[in-house]
Amino acid sequence: MAKKVKITRKQIKQPDEFQSFGRRAIEYASEKAVAITGVVVGIIALILIVAGILLYMQSKEDKALDAMAGALEVYHGSQGDQAKSGDTGYENESDRYLSAAEMFESVAQKYSATDAGILALLYMGDSYYKGGDYENALTSYQGFIERFDGDESFLLLAYQGAGYSLESMEKYDLALENFEKTINPENKTLRIFGLMNAARCYEQLGQIDKAIEFLETLLQDYPTSTMKSEVSDTLEALKLKSAPMPASGS
């Protein structure tokens with residue numbers, strides 16, 4: 001005969017362990033659901049914020065590009081019918097370039113955080129240089145060099161422009177430092193001009209042998225260059241200049 005199991009009233013009133021566990025699990029899940037919902041809402045809010053920032057930045061970039069287009073028209077002297085008739089509203093080329101420089105400067109200042117705003121510094125330097133304002137040209141080129149982080153060719157152009165500005169101010173040693181940075185084997189055109197520009201500065205500094213060395217390197221590396229005739233003539237003149245003077249009476 002099976003033994004009866006007697007359940008007392010006290011035992012009946014005690015909470016069932018399974019029920020207690022289930023209740024705790026539901027409470028835990030509810031708490032976690034609130035936390036998870038909060039995280040999801042936070043992520044969605046972050047996505048919306050980032051999207052808003054990106055749209056704002058794109059809007060700024062578009063406005064900067066529009067402003068750049070206007071400055072480039074002045075820079076290139078292409079103001080529609082006025083340019084075709086020769087009546088551009090500027091007294092001379094220098095006046096036009098200086099006007100373009102002011103427009104590029106406005107773009108660089110107003111849209112400094114955009115790619116167009118940074119590129120405006122390079123054009124601003126070139127505009128100031130062509131307008132004869134070498135100090136502002138140098139400042140613009142240096143500003144571009146400090147801020148630009150992209151294609152090296154643009155940096156080489158900025159170093160070249162800084163070199164031209166310094167050379168125009170007769171600061172040949174500083175100009176030389178910038179020109180030598182443009183002697184990059186991967187860019188044939190800039191390397192050719194870099195060697196020529198550096199040689200010219202060495203000549204001004206009285207280092208004729210170094211000037212000859214750079215021009216000889218140019219002819220050796222680029223024997224078919226379109227600059228060959230000009231370089232050869234300059235090299236011949238430098239060799240004559242460096243030749244020892246004949247003794248008197250000989």
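The values are calculated or read from the model by the stated rules, or taken from the named source; none is laboratory data. For clarity, every value in this text was computed on a predicted model and none was experimentally measured. Neighbour counts are summed over all protein chains in view; Cβ atoms, including those assigned to glycine, are modelled from backbone coordinates with ideal geometry.
Is segment 168-182 home to any residue that is crowded, with 18+ Cβ neighbours inside 10 Å and among the β-branched types (Val, Ile, Thr)?
yes
List the number of the failed condition for Leu174; all other conditions in (1) hydrophobic (A, V, I, L, M, F, W, C); (2) closer than 28 Å to Glu102 by Cβ; (3) touching a Lys or Arg at 6+ places or on another chain (Cβ under 7 Å) hold.
With respect to (1) hydrophobic (A, V, I, L, M, F, W, C); (2) closer than 28 Å to Glu102 by Cβ; (3) touching a Lys or Arg at 6+ places or on another chain (Cβ under 7 Å), Leu174 is out only on (3).
I need a count of the residues in segment 157-201 that are outside any helix (DSSP H, G or I) and either under 17 Å from Lys130 (Cα atoms) or touching an Asp or Glu at 6+ places or on another chain (Cβ under 6 Å) (or both). Walk me through how you get there before you give the answer.
Filtering segment 157-201 for residues outside any helix (DSSP H, G or I) gives 169-171, 181-187.
Going one step further and asking which of them are either under 17 Å from Lys130 (Cα atoms) or touching an Asp or Glu at 6+ places or on another chain (Cβ under 6 Å) (or both), we end up with 169-170.
Result for segment 157-201: 2.
Can you name the number of the only condition in (1) within 30 Å of Asp133 (Cβ to Cβ); (2) in contact with a Phe, Trp or Tyr (Cβ under 7 Å, 6 or more places away or on another chain) that Lys210 fails?
Only one criterion is unmet by Lys210, namely (1).
Among all residue pairs at least 6 apart or on different chains, which show Cβ distances below 7 Å where the first residue, located in segment 209-220, is more than 13 Å from Ile192 (Cβ to Cβ) and at pLDDT 95 or above and the second is in a helix (DSSP H, G or I) and of a type in the set (Phe, Trp, Tyr)?
Correct list of pairs: Lys210/Tyr202; Ala211/Tyr202.
If Ala113 meets every condition in (1) of a type in the set (A, V, I, L, M, F, W, C); (2) buried (at least 16 other Cβ atoms within 10 Å of the Cβ); (3) within 19 Å of the chain's Cα centre (by Cα) apart from one, which number is that one?
Single failed check for Ala113: (2).
Failed condition for Glu105, given (1) farther than 30 Å from Val231 by Cβ; (2) acidic (Asp, Glu); (3) surrounded by fewer than 17 Cβ atoms within 10 Å (Cβ to Cβ), with all others met?
That leaves (3) as the condition not met.
Here are Leu138, Leu72, Leu121, Leu156: which of them is at pLDDT 90 or above, in the same structural domain as Ser168 (by TED's automatic domain parsing) and not charged (D, E, K, R)? If you could, list the steps in order and put the result at the bottom.
On the way: Leu138 fails: in the same structural domain as Ser168 (by TED's automatic domain parsing); Leu72 fails: in the same structural domain as Ser168 (by TED's automatic domain parsing); Leu121 fails: in the same structural domain as Ser168 (by TED's automatic domain parsing).
Only one candidate passes the filter, namely Leu156.
Of all residues in segment 202-236, which are part of a loop (DSSP other than H, G, I, E, B), under 32 Å from the mean Cα position of the chain (by Cα) and either farther than 25 Å from Lys171 by Cα or among the β-branched types (Val, Ile, Thr) (or both)? Don't jump to the end; show me each part of the working.
As a first pass, look at segment 202-236 and keep what is part of a loop (DSSP other than H, G, I, E, B): 205-207, 222-227.
Checking the rest, the ones that are also under 32 Å from the mean Cα position of the chain (by Cα) come to 205, 222, 225-227.
Matches in segment 202-236: Tyr222, Ser225, Thr226, Met227.
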